[in-house]
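Okay, so here's the structure we're looking at.
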Amino acid sequence: VLAALFLALASCTPPPLSDSGARVRLIADGEERVVQTAATTVAGFLREAGVELTALDRVTPPEVSAIVDGITVRVVRVEERTEVVTQTVPFERQIVRDATVPAGESQLLQSGQQGVLERHYRVVYEDRQETERLLVQEILTESPRDEIRLVGAKPQLQNIPITGTVAFLGRQDAW
């Protein structure tokens, strides 16, 4: 039983490294290099190689993996940023018929003004390349103001020539 237990424990340990250690291919920060190491795990190897990780960085294979000769360890640097994109919002045009403006003419009652819209994005970069862009929030910081133009609806009065006699009755008088 004791021999079986010893064999079971011996099979759980990582394979023994040679005296000079293992050769590991490291890909990180845009560089690729081969490093000789005596570390037994990927996390120990990264510490030994002087590679510091942030909370978002990804390591392949995982940091708890055992180091074997010829393994490739890849570190992907991940950054998250918030970007704000400002856009203009066009104004609308309204045309209002008005009886105080002569027909065929128009007057500007209110000039239009564009609005401002801010779009907030969460952007994820992996090894300085954008991999994801997610719209988080839209804020209308300035509302657009409509342009209002009055268009004439007042009929033009014309002089009508009258031939003959005109009679006018008013207040019981005749003119």
Handout entry: P(r) of the stretch 53-154 over all Cα-Cα pairs, binned every 5 Å from zero, in whole percent
Key = 3, 11, 11, 10, 8, 8, 7, 6, 6, 6, 5, 4, 4, 3, 3, 2, 1, 1, 0
Handout entry: Residues of the chain: accessible area per residue with a 1.4 Å probe, Å²
Key = 76
Problem - the chain - percent of accessible surface contributed by carbon and sulfur, probe 1.4 Å - result: 53
Completion exercise
tail above 17 Å in the computed P(r) of the stretch 123-175, as % of all Cα-Cα pairs, reads 77
Practice task
Divide by every residue of the chain the summed helix terms, -39500 (n - 2.57) for each DSSP H run of at least 4, and state the resulting mean residue ellipticity at 222 nm, rounded to the nearest 500 deg cm²/dmol.
Solution key: -3000 deg cm²/dmol
Problem - Taking the chain and dividing mean pair separation by its residue count, relative contact order in percent (alpha carbons under 8 Å, at least six apart) - result: 19
Problem - As computed over the chain, the Cα convex hull volume per residue (Å³) - result: 258
Exercise for the section: Report, in degrees rounded to the nearest 10, the 0 to 90 angle that the Cα long axis of helix 2-12 makes with the longest principal axis of the chain. Expected result: 40
Practice task
Please arrange LEU109, LEU150 by accessible surface area, largest first, computed with a 1.4 Å probe and ligands excluded.
Solution key: LEU109, LEU150
Practice task
Can you tell me the dipole magnitude for the chain around its Cα centre, using point charges on the Cβ only (Lys, Arg +1; Asp, Glu -1), in Debye to the nearest 20?
Solution key: 560
Problem - Lys, Arg +1 and Asp, Glu -1 on Cβ, resulting dipole of the stretch 75-135 about Cα centre, debye, nearest 20 - result: 100
Problem - Mean-position separation - Cα centroids, the stretch 130-175 and the stretch 80-129, in angstrom - result: 25
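The values are calculated or read from the model by the stated rules, or taken from the named source; none is laboratory data. Just so you know, these numbers come straight off a predicted model, no measurement behind them. Virtual Cβ from ideal backbone geometry, glycine too; neighbours counted across all protein chains shown. To get the accessible areas, we keep the full protein, side chains included, count just its heavy atoms, and leave off ligands, DNA and RNA. Shrake-Rupley method; radii C 1.70, N 1.55, O 1.52, S 1.80 Å.
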